Amino acid sequence: MRIFLMTAVAAIFPLTTMMLANQALAVQDTPTTMNGVDTVCTGVGSAKDDPRWAAYPIKIVLATSGGADLANAHIALNKGRQVLMQTECDAPWVLLRAPSGSYTATATLIGGSGQSHNANFSTTGSGPQKEITIAFARPPEAPTQ
């Protein structure tokens, strides 16, 4: 039994590590790098005015179709079929600095509806910030009593 347990742990650990290699839980306002993509989850309070954020050429904004900010989403960034970055962000902006190319960002709301939407964009990897909005339908109003 002991040998089985040691073998199972030895087999599962590398698999788990590989699965988590491209995914992180974002800490608001803390830049991180995954597979050559610099990213930061922000957009709340005075931290959204941090001058460092202007250096990120892509700003993904999560919003309702009416323009209200949304938070708590899983964000994935793909280049072709390759997943470069995945994170969970509890703020309405995900800033990216990625190498030149064409990308697809997918945002999936956490909890509630679990709605998922994509946005395709390209970047030169530098230059003025381009804003990409991923809009979600407003959640249904709670019934009044």
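The values are calculated or read from the model by the stated rules, or taken from the named source; none is laboratory data. Since the model is a prediction, treat every value here as computed from it, not as a measurement. Glycine gets a Cβ as well: all are built from the backbone with ideal geometry, and neighbour counts include every protein chain shown. Just the protein is used for accessible areas: all its heavy atoms, side chains included, with ligands, DNA and RNA removed. Shrake-Rupley method; radii C 1.70, N 1.55, O 1.52, S 1.80 Å.
Only protein atoms count toward the accessible area here, which uses a 1.4 Å probe; on the range 60-145, the carbon and sulfur part of that area reaches 50 percent. Each peptide in 36-46, 108-118 was scored by the mean count of other Cβ atoms within 10 Å over its residues; highest first, the order is 36-46, 108-118. Treating cross-link reach as a plain straight distance, find the lysines whose alpha-carbon is under 19 Å from the alpha-carbon of Lys79, omitting any fewer than eight places away in the same chain. Leaving aside lysines fewer than 8 places away in the same chain, those within reach of Lys79 are Lys59, Lys130. Computed from point charges on the beta carbon alone (+1 for Lys and Arg, -1 for Asp and Glu), the dipole magnitude for the range 35-95 about its Cα centre is near 280 Debye. With a Förster radius of 22 Å applied to the beta-carbon distance between Ser122 and Ala63, the computed FRET efficiency rounds to 0.55. Using the Cα gyration tensor of the range 49-145, with a ≥ b ≥ c the square roots of its eigenvalues, what is the shape: rounded (a/c below 1.5), prolate (a/b larger than b/c) or oblate (neither)? Prolate is the answer for the range 49-145, as a/c is 1.5 or above and a/b outweighs b/c.
Stretching Ile110 away from Arg81 to a fully extended chain increases their span by 8.1 nm, per 0.36 nm per residue minus the current alpha-carbon distance. Computed extension gain for Ser102 through Asp50, at 0.36 nm per residue and net of the alpha carbon distance, reaches 16.0 nm. For the peptides 50-58, 126-134, residues were scored by their other Cβ atoms within 10 Å and the scores averaged per peptide; the highest-first order is 50-58, 126-134.
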